[in-house]
Amino acid sequence: MQSKSTKSRFLPTLLILLAVVALGWLVGCKTKTANDPVTTKIAAGDTDAVIAARGLTPDDVYAAVKTFVPTGQKDEYVMFASGGHSGQMLAIGMPSMRILKVIGVFTPEPWQGWGFSDETKAVFAEAQVEGQDMRWADTHHPALTETGGEYDGQYVFINDKAHARIAVIDLRDFETKQMVKNPLALSDHGGTMVTPDTDYIIEGGQYAAPLGWHYASLDDYQDAYRGMVTFWKFDREAGRVDPKASFAIELPPYWQDLCDAGKKVSDGWAFCNSFNTEMALGGIEDGNPPFEAGASQRDMDYLHIIDWRKAAQLVADGKAREVEGFRVLPLETAAKEGVLYFLPEPKSPHGVDVSPDGKYLVISGKLDPHVTIFGFEKIQQAIADGKISGTDSYGVPIIDFDAALEQQIELGLGPLHTQFDDKGYAYTSLFLDSAVARWTMGEGDFSEAPWSLVQKIPVHYNVGHIAVAEGDTVSPDGGYLVAMNKWSIDRFLTVGPLHPQNFQLVDITGEGESMKLLYDMAIGLGEPHYAQIIKADKLKAWDVYPEVGWEPIQQKKLEDAPVLGNERVERDGNQVNVYMTTVRSHFTPERVEIKKGDHVTWHITNVETAKDATHGFAMPGYDVNLSLEPGETATFQFDARRGGVYSYYCSEFCSALHLEMTGYLLIED
Ligand code: RUQ
Ligand code: CUA
């Protein structure tokens, strides 16, 4: 029994409790509404109900059907995107924006066995810095091979800004074949861009240092420090860069930035912009302006205009000198012989992009709201007419700005990079505005309003590069544009303070102000910079390797690769050779018995020829994982360092008896 007084005390408590519960319910209700999956209760097939429950607008529905690729159908395009600091490259299907492959490039990739076999380790070893493997990279700009200025789908290259390296990826198997280290510079940026028939891969430098990055005091900056642009010769037959046939041009110690190759009328020329023509040295500690201020004092920096055909000829004529075993055309020669000209460009320049007809160079200065468009013919005319406004302190002739200027168009804040479409529009990313601008070129269908801004579409957020389908070739496809955004802020679920970066697919099929945002793709690795988008039907990748015993780095069948029936273990002193085959669901041999102190060389062939019948080979304790794709052969080596029992096993769920696909390595003490 309760007393009256207990009741009267109990009542207010109850009321407070009820209020708390009600408030909690309201708050909970709100939270619940925000987080409750809205589509799980809708009967399968009820499209209208899904549209209503999700609150989709007609634009949303359009975007969904435009990008959706039904199961069994395939994408129209493949985008090759930089994987940024991951050191890898992404192959992404478009318009679905599904990741098809993360191609192992500068960083080991265990699923692909990349960097674990002897063959792939040798690729890393080719591009060492001071005798050390570099196992990460800051990848920036992929470049597909071109024939006549069109993507031909054979190879794709990418640069490593951190170490001035270039990688070659073969698109028959989407695997890296070669890395080269630039012996002149530690950092690059203006790479990779190809000349219209892929005779050369361009790699412009970035932060100046003495060539070969040997020590020199910053007090000797102007004399001892240099920039460079390298022209790597690509041997298409071999599928390799040929360093012996390559050359560089010595440049003043400005910080060269992006480059582009001329095409059509401007074929034979290359264009690289630069910043820090102030030659600021930093050192705020000593009372100097910090780099970001010191390197942005001048209104103009210099677009480098390079006659690479003439440079190649001079090098062939013996006018180069050897630096670090590499042929370098001296700055003085380049300036004197008409290989190198400067053209003033405003202000903190970043992107330089050549129009599809090769007639125009579009320059973006990060601190100038305009794009500046130079005419290639005007540049040539200015050179011919001697419209040279002087030389820089290294004797390089400076072309008169007004003589070369075609147009300046105000687009917005922080213009960076420009691409082109099939209708004659150009598109420029606006980093500070977080927008992409569409504008008209001077020719084609835009006689009424040439050189004018048409539309700005907001993107989310801080866009760097943009890529249009085949948008930097002589015949862009248009249709799709991808904005490669550095920030995503509120676009995705939070996954901690390191937010995904955001590729946004934009529909550019219509005319005028009709650009539409279609899709947001979270990129789980970063920071991707540039991408190129190729028609999928230009790619002719293999389903399986052409023959059993195929070694992918050399792209040929090895005569001594293990095959069915000749598996064995051979010993010569303490040198042990294991010849192994794999097939569902068996390794032969499935016991390998060796002794501590043995040096083991292990050869494995996957003798399968069926699509997708890949086996992994994991050797725990020896840091080995291989991917043996149908037909592939690979090798690895190790020293048996102690006695023990090691189960090697297939790391790819290949069959019902995959778990049984194992064997014992017994190392006797
Ligand atoms: S550059 S956006 Cu290499 Cu612009 Cu990154
Ligand atoms: Cu082979 Cu699992």
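The values are calculated or read from the model by the stated rules, or taken from the named source; none is laboratory data. Since the model is a prediction, treat every value here as computed from it, not as a measurement. Reconstructed Cβ throughout: ideal geometry from the backbone, glycine too, with neighbour counts over all protein chains shown. Calculation scope for accessible area: heavy atoms of the full protein, side chains included, ligands and nucleic acids excluded. Shrake-Rupley method; radii C 1.70, N 1.55, O 1.52, S 1.80 Å.
Observations, loosely collected:
- Residue under evaluation VAL563, criteria (1) open to solvent by 50 Å² or more (accessible area, probe 1.4 Å); (2) within 15 Å of ligand 2 (Cβ to nearest atom), criterion not met: (2)
- Restricting region 619-668 to residues that are more than 10 Å from ligand 2 (Cβ to nearest atom) and of a type in the set (Asp, Glu), the residue that is nearest to the chain's Cα centre (by Cα) is GLU629.
- Among residues of region 37-52 that are farther than 23 Å from LEU493 by Cα, none has a beta-carbon under 7 Å from a residue that is open to solvent by 50 Å² or more (accessible area, probe 1.4 Å) and assigned to a helix (DSSP H, G or I) at least six positions away or on a different chain.
- Residue match in region 508-518 (condition: modelled with pLDDT of 95 or more and within 16 Å of ligand 1 (Cβ to nearest atom)): no
- Lone qualifier among LEU505, LEU498 - being under 22 Å from the mean Cα position of the chain (by Cα) and without any contact (Cβ under 8 Å) to a residue 24 or more places away in the chain: LEU498
- Residue count, region 145-172 (criterion: within 22 Å of ARG135 (Cα to Cα) and not in a strand (DSSP E or B)): 4
- Residue ID - most open to solvent (accessible area, probe 1.4 Å), chosen from residues in region 566-594 that are among the polar types (S, T, N, Q) and outside any loop (DSSP other than H, G, I, E, B): GLN575
Condition check ((1) open to solvent by 10 Å² or more (accessible area, probe 1.4 Å); (2) modelled with pLDDT of 95 or more; (3) assigned to a strand (DSSP E or B)) across all residues:
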site	(1), (2), (3)
LYS177	no, yes, yes
ALA185	yes, yes, no
GLY190	no, yes, yes
MET193	yes, yes, yes
MET228	no, yes, yes
PHE231	no, yes, yes
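- Selection count where residues are open to solvent by less than 20 Å² (accessible area, probe 1.4 Å) and either within 16 Å of ligand 1 (Cβ to nearest atom) or not small (Gly, Ala, Ser) (or both), scope region 369-396: 8
- Screening region 251-294 for residues that are within 16 Å of ligand 1 (Cβ to nearest atom) and in contact with an Asp or Glu (Cβ under 6 Å, 6 or more places away or on another chain) and picking the one that is farthest from VAL354 (Cα to Cα) gives PHE275.
- Verdict on TRP232 being farther than 24 Å from TYR545 by Cβ and in contact with a helix residue (DSSP H, G or I) (Cβ under 7 Å, 6 or more places away or on another chain): no
- Among the residues of region 83-99, the ones that are touching an Asp or Glu at 6+ places or on another chain (Cβ under 8 Å) and either farther than 14 Å from GLU175 by Cβ or free of Cβ contacts under 8 Å to residues at least 60 places away in the same chain (or both) come to 8 in all.
- Members of region 345-368 found to be open to solvent by less than 20 Å² (accessible area, probe 1.4 Å), more than 26 Å from the chain's Cα centre (by Cα) and more than 16 Å from ligand 1 (Cβ to nearest atom), listed by number: PRO346
- Applying the condition of being surrounded by 22 or more Cβ atoms within 10 Å (Cβ to Cβ), of a type in the set (Phe, Trp, Tyr) and under 16 Å from THR120 (Cα atoms) to region 601-656 and asking which residue is farthest from ligand 1 (Cβ to nearest atom) yields TRP602.
- Going through (1) modelled with pLDDT of 95 or more; (2) out of contact with any strand residue (DSSP E or B) (no Cβ under 7 Å at 6 or more places or on another chain); (3) open to solvent by 70 Å² or more (accessible area, probe 1.4 Å) one by one, LEU56 falls short only on (3).
Yes/no matrix, rows are residues, columns are (1) open to solvent by 20 Å² or more (accessible area, probe 1.4 Å); (2) assigned to a loop (DSSP other than H, G, I, E, B); (3) out of contact with any strand residue (DSSP E or B) (no Cβ under 6 Å at 6 or more places or on another chain):
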position	(1), (2), (3)
GLN256	no, no, no
ALA270	no, no, no
GLU278	yes, yes, yes
LEU281	yes, yes, yes
GLU292	yes, no, yes
ASP301	no, no, no
ILE306	no, no, no
